[in-house]
1. Could you state the angle between the C-alpha long axis of helix A:110-119 and the longest principal axis of the C-alpha atoms of chain A, as a value from 0 to 90 degrees rounded to the nearest 10?
2. According to the square roots a ≥ b ≥ c of the eigenvalues of the Cα gyration tensor, what is the shape class of the stretch B:175-266, taking rounded for a/c under 1.5, prolate for a/b larger than b/c otherwise, and oblate for the remainder?
3. Per residue of chain B, what 222 nm ellipticity follows from adding -39500 (n - 2.57) for every DSSP H run with n ≥ 4, rounded to the nearest 500?
4. Please report the net charge: other residues with Cβ closer than 15 Å to the Cβ of residue A:103, K and R +1, D and E -1.
5. Dipole size in debye (nearest 20) for the stretch C:20-92 around its Cα centre, Lys and Arg Cβ +1, Asp and Glu Cβ -1?
6. How far, in degrees from 0 to 90, does helix A:184-196 lean away from the longest principal axis of the Cα atoms of chain A, to the nearest 10?
7. Could you pull the Cα extents of the stretch A:61-208 along its three principal axes, largest to smallest, in whole Å?
8. In square nanometres and to one decimal, what's the mean projected area of the convex hull around the Cα atoms of chain A?
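Read-outs: derived from the displayed coordinates by stated rules, not from any lab. Computed from a prediction, not measured in an experiment: that's the story for all the values here. As a convention, Cβ positions derive from the backbone with ideal geometry for all residues, glycine included, and neighbour counts pool all protein chains shown.
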Amino acid sequence: MTTQKNIPPHPMDSLLRTERFPHIWCPGCGIGTIFGAVLAAIKNTGWDPNQIAMVSGIGCTGRMAGYIKLDSFHTTHGRAIPFATGLKLARPDTKVIVVSGDGDLFAIGGNHFIHAARRNMDITVICVNNLNYGMTGGQQAPSTPLGAKTTTTVNGSPEEPFNFCYLASACGATYVARWTAMQVRSLRSSITEAMQKRGFTFVEVITPCPSSFGRRNRMGSALEMLKFYHGRSVIRGDIDPKDASMDIDKEIVVGKFVDIERPTFMDHYENANRHQMPNWRMHPDNQKAR
Amino acid sequence: MFAKAVLTGTHFINGDQACCEGALAAGCRFFAGYPITPATEIAESISRRLPELGGIYIQMEDEIASMAAILGASWGGVKSMTSTSGPGFSLMMENIGLGICTETPCVICNVQRGGPSTGLPTLVGQGDMMQARWGSHGHYEIIALSPASPQEMFDFTIRAFNLSEQFRIPVIILADEVVGHMNERVIIPSEEEIEIIDRRKPTVSREDYLPYKADADGIAPMANCGDGYRIHVTGLTHDERGYPSMDAKGQENMVKRLVGKIRNNREKIISTKNLFLDDAEVIVVAYGISARSAMQAVRDARKKGTKAGLIKLETIWPFPEELIRSIAPQARALIMPEINGGQMVLELERAACGSCPVSLVSNYGGAIIHPDLIHAAIDKAAKGKA
Amino acid sequence: MQKKKQYSDNQSADADKRRGRQGQVIVIEDRCKGCGFCIANCPRQVLSFSSVFNAKGYHLPKAVDAAKCVNCHFCEILCPDFAIYSVALSDIND
């Protein structure tokens, strides 16, 4: 019988606050899978982990910041993006990743999302879309499909949801992609690309919420939901985000939709102020503080 | 080659501009704000000055975003500030709470105007005093300063930054429209004369560092993002590691420390300017622009032979309870002028504990309180008819 | 003339050139929540629910057909709980 060396720990353990495991997410919730994809992307970039920060909002996805072993900030509901804006401008060399849920980013946080995208703040935003507000028990969200049952729409939601990728693209995001939680390899690649790209980059991930959304809409087990979303998905990269529909009754269009170049907020700021401050980055205060 | 942060010399500027210069002198290099009368000039002045100092001005989409952005910048290691007035102050409340709970140094200048609601955008008010203390939900302590002149706008803004760094807490400057918009002489000293306090940094390694383990004075050394400490910062009730600790015991530990951090250090924070207090029988306790009126009234009363005195509140919060408690028994009356329906007067009454009558001279906003009104109240009190 | 090979349903054309077992699956018991993602999606059907359950009452996966593991890491990257991963046999065996 061959002798075995010490079994190595889980490859992601070096980036996890393992003393807090097992984590709080429900069995079969896809957030953990997406978390793994974010960690893999971080490793793929080869960046110094001390120069990476994660900012999250409130909700199930928001808890991710509490489990990552990097500088992480669990802020107020909807306000991860403006917090990340301040952080990024104070430390331009730090890579700032915002991870939050659909409600946090697009309902209460909607205004901040559109402006950060417009300004082309150099941050990456990962939206975990589980079609409802999970943490509070499964209420309607701007992502909830028309007719879907939630605790606040017991007779079916009377609202049509957003197409987040279309919104992100319209606001000026330089990278826009969507995947389901099952498509982990594509997801890892997309998140890596989004992180490495300059400007406001956005990746949306459709994930099962078996405890709330799934149960109320009789979608079966978490595994069945995962397969259902995957089954409904159709890969169409490079199409107009307007046509990248997100409709669980018809088709979930996934792929990379936008990958463009645009000057960032800081590019414009330095350019606008170049007469007053030709060497903005060379200012002594910038050397010591940033 | 580079512009100067400290414009040493004598200036004739308004309070808002003085606040901007004070911030820059204190080391502020990030401002995120939103225009609102009568604080807009702070944003305008600082938007012109920051680029030449290697700083960044960003106009956010609303006041909620502004407050969030200054917290983020502070965690990035840069001293940051925002300015606003009543309606914006209300919007900022949730994130001020986040700043308090996460112990984030930053400064918020509220140039008060008539309220409630949209109120009187261009006219004076002092109606946000209690809001500064209790505006965010939950129980906490706050530091708030009340400048009464453009000179004090300069000086107190520096003090606000120093206090925020020392005590790791958002500090509120409660100015008012008159102080903000009046032009007066402001003397800016040389850079060497200005004391700057920076946040305490950790001295231990990453493995030994606990982000919320306080030193003996209740203040925890603060590692910034990117310093290599891999901190976790959350608005949830948290333990010394910064991890959520959500039960009654965790709540007790955290909130007690946050409250104690300010209360136990209040002698270092509280600041008043006292005038003619030694033999005063009627004492006026005033702040902000009302203190200017009060000062005139007290001098006028003294000229007429009345033994009037003044306590000018420089820090509004924490309130100088001990001073009032010690002085009230010897006074015939305490009088507070304020441009609201009576807010700080409630604190005055509480601190006086019934040892002498307390009366209010006020209007609801829109105009300053004429010194003659305060003088009349002093006379009335001196005659025992407070 | 080459004799035509007979293939069973699960056998591929290069079955005789197959390298054999590549990886070992490791389960971190305390983290698993029994969601079944790994079991259902392993491309080699290596895993199945075991009769063992952890302290929280979740049934853990077990490598019932360990010889088929090709160290593809799919269980590892799909698992939402960081509870399962595969390592190359060559890395842990002497």
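1. 40
2. Judged from the Cα gyration tensor, the stretch B:175-266 comes out prolate (a/c at least 1.5, a/b above b/c).
3. Helix contribution divided over all residues of chain B: -11500 deg cm²/dmol.
4. -2
5. 160
6. 20
7. Between the extreme Cα coordinates on each principal axis of the stretch A:61-208 lie 49, 28, 27 Å.
8. That works out to 17.9 nm², a quarter of the Cα hull's surface.
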